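Below is one structure, written out as structure tokens, with a few remarks after it.
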Amino acid sequence: MSFLFPWALALAGLALVPLVLHLVRRDTDRRVAFPALRYLVSAQRQSARSMRIRDWLLVACRIALVVLLAAAASRPLIGTGDARSHLPTDLVVVVDNTASMQRLAGGRSLMEIARAAADSSFSYAGPEDRVWLLTPLDGALIAGGTAVEAARLLRSIRLSDAGGSLPASAGLTAATVPHDENRARELHLLTDLQEGSFRESAGLADDWAIRVLRLRPDEEWNASVSALEIGPSLPVPPGVTLTVTATLDAFPDPAGEAEADTIAEIEVRLLVDERTAGIRSGRWGSDVVFAIPAPTPGPHAVRVEVDPAGLRSDDGRQVGFHVGFPARVGLAGGAGRDAEFVGMALETLADDGRAELVPAEAADVVFETAAPGGERIPVAAGASPARILLPPSDPLSLPAFNERLARLGVPWVAEADPASGSLRLESGEPEVLDGEAVSHRYLLVPRPSPASPIDSVLLRTSDGEPWLVRGRASVSGIYLLLASPLHPESTGVPAGAGMIELIDALVNRWSRPGDPAGAATAGEEIILPPRADSLAGPGSPPVPVEGGSPWRPEIAGTWRIALRSEGARDSRFLGVNVPAAESDPATIGEAELVRALGPGPMVVIDSAGEWTAEIFARRRGRDASGLLLLAALAALVLEAWLAGPRDTRGIGTTRAGGGT
Amino acid sequence: MAVSGTLRADGARSRPDLLDPVFLYDPGRLELIARGVVEGFLIGLHRSPHRGFSVEFAEHRPYYPGDDIRFLDWRMYARSDRWYLKQFEEETNLRAYLVLDSSRSMDWASESMRGFSKLDYGRLLAASLATLLLRQGDATGLLAFDDRVRVHVRPRAARRQLSTILGELVRLEGQGLSEAGPALRDVAIRMRRRGLIVLMSDLLVDPEGTRRALHFLRHRGHELLVLHLMDPGERELPAAGDAVYFDPETGEEMRTSSAVLRGEYAEAVRSAIAGWRSECRRMGADYHLLTTETPLNAGLGLFLQKRARLG
């Protein structure tokens, strides 16, 4: 039991008043003349005992009356009460809109059920509550708003083909919710508890009450095209036959009630540019290989699909590729010893059709060496080529190199590091670089400026320092910054087998993120090609975009990226696929759920019908003041009955005096 | 309501005996009121105040509905085919003492009676009885007492007797303790011939002494009519809450609440009334309870019943 106004209980002290009055009134001096006193005496003689009882009952009634009124004024709250009657609450509602929520339960998607439950949460919230609404993909749609606003925004949440981390989203948002002793904090998590969405930890404090609505689909097993690879590596030279390898995976029902028939042959279809190009038989858990003989130059889209099973959006997987148009690469900054090995590697790539060497001014990707007096590609507004920045072999040229970095807007500085000694490259891509020796490298130190969203360290040395950094400069666009000159005196890479693969990755993959791969994962951010002009999603019209800007696709399917260019290179296809983790229906257990969310009191609810009975844990209980007022009224009636009329006039007069 | 109010007002104008005594009472006009009461009362009886039914025939008068059919003259009916009543010259040898308690307890009125005390009611009733008795030629006396005899008017049938009695009644004041025994014994001593004694008292007296005195009167052959006067506020205890209640006569007091004792009080009053009624019946006296709101015709009627039995 709790009280809304506990200080009002102090009024119960007034119960002493009737007691004192009772004792004082025993000495009342009000005198009433009454000649028939003998009858009164006789009456009292007969009822002396009942009179005493009545007296104390009267006092008890009066004390009870005061105590009951004081108790009623304190607004006592008893029991658990309705969900609507709760303490002011900071409510964080996380609606899972990842791909696995597309699955159906009773003809409705899990997402629709989650949305309805969230709506219930908002309808039970009161005006004193503050509401945060978020999804793992969109972040917070509203922060500290009203339930009405949140309910309106709830309708804007759409299902996605992406994956996401519910604990991470909840944790980030919860960290912004201030702790207030007078307010409850509660997390409502509406999800299918798919394991892939709970790989991180929210780290909620133990004062967070956690309510989880566990949604179960009708069909809990799943099968998918879990991977799709095209060989040889992109971009594809003209006249080459491509191989398409699709991996088929089946996932059993987590409850073990239904399993995929992994023995039966299934039909696998290959579609190239939306036309069926091949049909094969396959089994779950195996790879199916298709061949695409010498596709015509230009952009193409490939999709491999199977019949619907479980989650629909992972029943097919797509990738875009283009034929005959390798990266156009140029060298700037002179052709000294720093560019010698790079030039040789580029020529090799050019011979293999994987790069086209062009003057730096016309290139998509430019290698800039730090040779003094060399040419520089001017920094231009708008789309710029990707720059691969190679540090100088001569430390004396380091200041000029750093000055160049600063002019390009690259938020890093190279510093001499004579004490580094012999180092190795850490494992990464390409794998052939793993363990390569580094004898001379500069320390790459970030400038104290806001980092670009795509700043990342692609390779490190064994002491953990960055060796290859990629980012988007505020002035000049995408850059790749190496910590060592690509010269055998500095590292074993130029003389090793990995040099060609490193240059291929630098030119064809890392310099043009989102383009060469031809595929992306829904929910993961990519950088649009520098000359990207517009985007057209599956079944939707093109929308203008800015080249080189980050973009996060959420709808799986084949997207068309239009480029500001001429001829056949006017577009790219990008296959956006459901994250592989979304295909696995395995769910997280309650113990893991506690680890993922936090130690606060948690209730996992399996039925949407029971949702409103469990939400808003810190309830006020039912207001018992009405009952107490009724009891006080009863005490008052009893008191009035016992005490009789409160007429204080005399009952008669006598002319001889003494009447009152 | 207006119609019945008008009818009641008209009836009250001709029948003061039916009026609430509270509205009727005015000490300065006691004689006038008493006459009005008696006249009205007798009109209601359809009887002549000057003709009795006891001794010698006087004349006939036409029969009116309500008349006693025992006095129908059947011979006149046979001769004339009309109903006539025989009337007789009245003759009296009755001596009546009106004994009125004038103790302090009698001078008390409850709130609802607006100051109209039991003593006031006793005055009015005694005046009316005296008027009625003297009109019939009965020798009528008055004795008022508290703890001793305060007023004594010897019974006479003289014309000025009424004025004497009424004058004493007007001057009477409520005082002293109630001691009915000595007063009644005094009456017994003074009244050598058998007669009618009408005791008007609230009977808040020494019960044993009073009973003995009444027995003594009966033993002497007197007829007794005990009119127990009570204020309505004495029959049903009014609400006065917690207070110190005191007897204005004795000064005795007790601290209590009227609310809780109401039931027991009513029972005590009923028991006392039953005791007096039983005692009077046993000794052959008539006992009647009159509250001070009872119209005076009731008291007169009781008296006439008693008087009729005496012949």
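Quick notes on this one:
- Residue ID - nearest to A:Glu219 (Cα to Cα), chosen from residues in the stretch A:286-318 that are touching a Ser or Thr at 6+ places or on another chain (Cβ under 6 Å) and not hydrophobic (A, V, I, L, M, F, W, C): A:Asp314
- Matching residues, the stretch B:264-276, being touching a residue at least 12 places away in the same chain (Cβ under 8 Å), at the interface with another protein chain (Cβ under 7 Å from one of its Cβ atoms) and more than 22 Å from the chain's Cα centre (by Cα): B:Tyr265
- Counting only strands (runs of 3 or more DSSP E) that fall entirely inside the stretch A:255-330 and contain at least 2 residues that are modelled with pLDDT of 90 or more, touching a helix residue (DSSP H, G or I) at 6+ places or on another chain (Cβ under 6 Å) and closer than 27 Å to A:Ser571 by Cβ, no element qualifies.
- Looking across the stretch A:557-580, just one residue is in a helix (DSSP H, G or I) and at pLDDT 85 or above, and that is A:Ala580.
- Residues being facing chain A (nearest Cβ under 7 Å) and not aliphatic (A, V, I, L, M) - total across the stretch B:232-241: 4
- Listed conditions (1) open to solvent by less than 20 Å² (accessible area, probe 1.4 Å); (2) within 14 Å of chain B (Cβ to nearest Cβ); (3) among the acidic types (Asp, Glu) are all met by A:Asp55, apart from (1).
- Positions within the stretch B:122-152 being open to solvent by less than 10 Å² (accessible area, probe 1.4 Å), within 14 Å of chain A (Cβ to nearest Cβ) and within 14 Å of the chain's Cα centre (by Cα), in sequence order: B:Gly122
- In the stretch B:242-257, the count of residues that are within 11 Å of A:Ala43 (Cβ to Cβ) and more than 7 Å from chain A (Cβ to nearest Cβ) is zero.
- The one condition in (1) within 14 Å of chain A (Cβ to nearest Cβ); (2) under 18 Å from B:Val37 (Cβ atoms); (3) modelled with pLDDT under 90 that B:Leu119 fails to fulfil: (3)
- Listed by first and then second residue, the pairs with beta-carbon distance under 7 Å, at least 6 apart or on different chains, first residue in the stretch A:110-130 and within 12 Å of A:Gly609 (Cα to Cα), second open to solvent by 30 Å² or more (accessible area, probe 1.4 Å), are A:Ile113/A:Ala608; A:Ala116/A:Ala608; A:Ala117/A:Ala608; A:Ser120/A:Thr612.
- Of residues in the stretch A:158-186 being part of a helix (DSSP H, G or I) and open to solvent by 20 Å² or more (accessible area, probe 1.4 Å), the one modelled with the lowest pLDDT: A:Leu172
Every residue, every condition in (1) in contact (Cβ under 8 Å) with a residue 12 or more places away in the chain; (2) open to solvent by less than 10 Å² (accessible area, probe 1.4 Å); (3) polar (S, T, N, Q), yes or no:
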site	(1), (2), (3)
A:Ser476	yes, yes, yes
A:Ala483	yes, yes, no
A:Ser490	yes, yes, yes
A:Gly496	yes, no, no
A:Leu506	yes, yes, no
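Listed here are the residues, each with its yes/no results for (1) within 14 Å of chain A (Cβ to nearest Cβ); (2) part of a loop (DSSP other than H, G, I, E, B); (3) open to solvent by 10 Å² or more (accessible area, probe 1.4 Å); (4) within 27 Å of B:Phe23 (Cα to Cα).
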{"site": "B:Leu199", "(1), (2), (3), (4)": "no, no, no, yes"}
{"site": "B:Leu217", "(1), (2), (3), (4)": "no, no, no, no"}
{"site": "B:His228", "(1), (2), (3), (4)": "yes, no, no, yes"}
{"site": "B:Arg262", "(1), (2), (3), (4)": "yes, no, yes, no"}
{"site": "B:Ser278", "(1), (2), (3), (4)": "no, no, yes, no"}
{"site": "B:Gly299", "(1), (2), (3), (4)": "no, no, no, yes"}
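- Enumeration of residues in the stretch A:90-143 that are of a type in the set (A, V, I, L, M) and assigned to a loop (DSSP other than H, G, I, E, B): A:Ala125, A:Leu137
- Here is the figure for the stretch A:1-27: residues that are facing chain B (nearest Cβ under 10 Å) and either modelled with pLDDT of 75 or more or surrounded by fewer than 14 Cβ atoms within 10 Å (Cβ to Cβ) (or both) total 2.
- Among the residues of the stretch B:170-197, those that are open to solvent by 50 Å² or more (accessible area, probe 1.4 Å) and either among the small types (Gly, Ala, Ser) or more than 12 Å from chain A (Cβ to nearest Cβ) (or both) comprise B:Val170, B:Arg171, B:Glu179, B:Pro182, B:Arg185, B:Ile189, B:Arg190, B:Arg192, B:Arg193, B:Arg194.
- When A:Ala617 is tested against the conditions (1) in contact (Cβ under 8 Å) with a residue 40 or more places away in the chain; (2) over 20 Å from A:Asn182 (Cα atoms), the lone failure is (2).
- For the stretch B:1-34, residues that are surrounded by fewer than 18 Cβ atoms within 10 Å (Cβ to Cβ) and at pLDDT 70 or above total 8.
- Whichever residue in the stretch A:110-144 is closer than 25 Å to A:Ser165 by Cβ and touching a Lys or Arg at 6+ places or on another chain (Cβ under 7 Å) and, among such residues, is most open to solvent (accessible area, probe 1.4 Å): A:Gly144
- Between B:Gly233, B:Gly167, the distinction of being surrounded by 17 or more Cβ atoms within 10 Å (Cβ to Cβ) and closer than 26 Å to B:Pro27 by Cα belongs to B:Gly233 only.
- For the stretch A:282-324, filtering for residues that are β-branched (Val, Ile, Thr) and out of contact with any Leu (no Cβ under 8 Å at 6 or more places or on another chain) leaves 3.
- Among the candidates A:Gly81, A:Gly107, residue that is out of contact with any helix residue (DSSP H, G or I) (no Cβ under 8 Å at 6 or more places or on another chain), open to solvent by 50 Å² or more (accessible area, probe 1.4 Å) and small (Gly, Ala, Ser): A:Gly107
The values are calculated or read from the model by the stated rules, or taken from the named source; none is laboratory data. Everything numeric in this text was worked out from a predicted model, so none of it was measured. Backbone-built Cβ (ideal geometry, glycine too); neighbour counts: all protein chains shown. Remember, those area values only see protein heavy atoms, side chains included, never the ligands or the DNA or RNA. Shrake-Rupley method; radii C 1.70, N 1.55, O 1.52, S 1.80 Å.
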